[in-house]
Amino acid sequence: MLADNYHSAIVERVKAGDFIHRSGRLTIYLAREFGFCYGVDRAVDYAYQTRERFPDRHVFLTGEIIHNPHVNEKLRAMGIRFLTDAHEQVDALAPEDVVILPAFGVTVEMLQQLDRRGCTLIDTTCGSVLNVWKNVRRYAEGGYTAIIHGKVWHEETQATASQAVQYGGKYLVVFDQAETQLVCDYIRRGGDRDAFLNRFENAMSPDFDPDRDLQRIGLANQTTMLMTESLQIGELIRAAMRDRYAEANLAERFQAFDTICSATQDRQDAVVALLREKPVDLMIVIGGYNSSNTANLARICAASRPAFHIADPDCLLSAQEIRHRPVGSKVEVAATHWLPLEGPVSIGLTSGASTPDNLVGAAIEKLTEFSG
């Protein structure tokens, strides 16, 4: 079923052709790492198997299995219900119900709720996410505050933060270097405690005290963040702790473990290599708009080329018009005159870790059609 739903013959041909597709004036360069990663493939596989294994029972997902609307709609069509829908309630679950936990995990609170209901649980949490949790627990048990580079609204970061609290620790979520610099300034010089608490009101553990809880820090990451930015954030915090407590005391004041998942890193490295080695005029990045790893691929591309992050091939309206979400924006927009109408055109193509091959194949077919 997975092969029937998500396989693409044209993608296999492009891979076999050294990841290059040529048709008339069009050349498409496909990134050498793209699309479904192992964790996503496993999660979707588990969801399909769950539906088959329990044909006569209600099957639920706590939320999106992965951040791809195409995949989630297929699961809905199979009769899998989503607890995030307005009419669904966790308190209505019964012991005979089956609940699937998504690839990016769930909070400790949600897990405890489900446990109290007595449901059968199918855990598809990715191993890379579990690795982050292991390190956050280690920080908590060692008396370190976990500073998490991530998106506080993202399910994975919320689940990771809950692990710190569960093990008696503290956490603070920073989104980017600008937020990190505020933290570093406070580490070095202290400051207005109330202003700090207001600034990070929704991104810190209960009873967080910056004067107390920034004395020992362990760094963690949402697995799908931009690796270069995570490294820069780590260096900013390391430097601040060194300035405050001196080099001799740094080892007992600051810890950091690389928690960017290998699949995310491979896809980022592949698109960097494509941009460096291939003469592409523009980039197309395919993936759900709420997919963090896809958004970061688009950020990398947009730094050097016109780049269009599209949710799926239906966003390719015509050779004249495209729907896409610009980097840094929360809104999908329409752009015109995006594709050169005459002469040779080279397009780079990649997709996020939650994007199946069939969507990439459909995009290749549309681009071929548009280019005549």
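Some observations on this one:
- Listed by first and then second residue, the pairs linking a residue in the range 304-329 that is among the aliphatic types (A, V, I, L, M) to a residue that is open to solvent by 70 Å² or more (accessible area, probe 1.4 Å) and part of a helix (DSSP H, G or I), with Cβ atoms under 8 Å apart and 6 or more places separating them unless they lie on different chains, are 327/299.
- Single unsatisfied condition, residue 3 versus (1) outside any loop (DSSP other than H, G, I, E, B); (2) among the hydrophobic types (A, V, I, L, M, F, W, C); (3) buried (at least 16 other Cβ atoms within 10 Å of the Cβ): (3)
Each row is one residue, and each column tells you yes or no for (1) free of Cβ contacts under 8 Å to residues at least 60 places away in the same chain; (2) open to solvent by 10 Å² or more (accessible area, probe 1.4 Å); (3) outside any helix (DSSP H, G or I).
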| position | (1), (2), (3) |
| --- | --- |
| 11 | no, no, no |
| 18 | yes, yes, yes |
| 21 | no, yes, yes |
| 27 | no, yes, yes |
| 34 | no, yes, yes |
| 42 | no, yes, no |
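- Members of the range 70-82 found to be assigned to a loop (DSSP other than H, G, I, E, B) and crowded, with 19+ Cβ neighbours inside 10 Å, listed by number: 80
- Annotation: residue 147 fulfils all but one of (1) surrounded by 19 or more Cβ atoms within 10 Å (Cβ to Cβ); (2) in a helix (DSSP H, G or I); (3) modelled with pLDDT of 95 or more; the unmet one is (2).
- In the range 55-69, the residues that are in contact (Cβ under 8 Å) with a residue 40 or more places away in the chain, open to solvent by 30 Å² or more (accessible area, probe 1.4 Å) and over 19 Å from the mean Cα position of the chain (by Cα): 57, 58
- Qualifying residue in the range 83-98 (condition: under 17 Å from residue 353 (Cβ atoms) and surrounded by 15 or more Cβ atoms within 10 Å (Cβ to Cβ)): no
- Of all residues making up the range 249-275, the number that are within 16 Å of residue 34 (Cβ to Cβ) and open to solvent by 50 Å² or more (accessible area, probe 1.4 Å): 4
- Top-ranked residue of the range 150-164 - restricted to ones that are assigned to a loop (DSSP other than H, G, I, E, B) and touching a residue at least 40 places away in the same chain (Cβ under 8 Å), ranked as surrounded by the most Cβ atoms within 10 Å (Cβ to Cβ): 150
- Some residue of the range 117-126 being in contact with a helix residue (DSSP H, G or I) (Cβ under 6 Å, 6 or more places away or on another chain), assigned to a helix (DSSP H, G or I) and at pLDDT 95 or above: no
- The set of residues in the range 330-350 that are open to solvent by less than 70 Å² (accessible area, probe 1.4 Å) and either closer than 15 Å to residue 301 by Cβ or in a strand (DSSP E or B) (or both) comprises 333, 334, 335, 338, 345, 346, 347, 348, 349, 350.
- Checked against the criterion of being open to solvent by less than 20 Å² (accessible area, probe 1.4 Å), in contact with a Phe, Trp or Tyr (Cβ under 8 Å, 6 or more places away or on another chain) and of a type in the set (Ser, Thr, Tyr), the candidates 230, 205, 291 yield just one match: 205.
- Residue 103 crowded, with 18+ Cβ neighbours inside 10 Å and either under 27 Å from residue 208 (Cβ atoms) or not β-branched (Val, Ile, Thr) (or both): yes
Rundown of residues vs (1) at pLDDT 95 or above; (2) closer than 19 Å to residue 361 by Cβ; (3) in contact with a Gly (Cβ under 8 Å, 6 or more places away or on another chain), yes/no style:
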site	(1), (2), (3)
31	yes, yes, yes
36	no, yes, no
39	no, no, yes
60	yes, no, no
64	no, no, no
71	no, yes, no
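- When residues in the range 109-129 are screened for being closer than 13 Å to residue 155 by Cβ and open to solvent by less than 60 Å² (accessible area, probe 1.4 Å), 5 of them pass.
The values are calculated or read from the model by the stated rules, or taken from the named source; none is laboratory data. Quantities reported herein were computed from a predicted structural model and do not represent experimental measurements. In this analysis, Cβ positions are derived from the backbone assuming ideal geometry, glycine residues included, and neighbour counts consider all displayed protein chains. When the accessible area is computed, the model is the full protein with side chains, heavy atoms only, and any ligands, DNA or RNA have been set aside. Shrake-Rupley method; radii C 1.70, N 1.55, O 1.52, S 1.80 Å.
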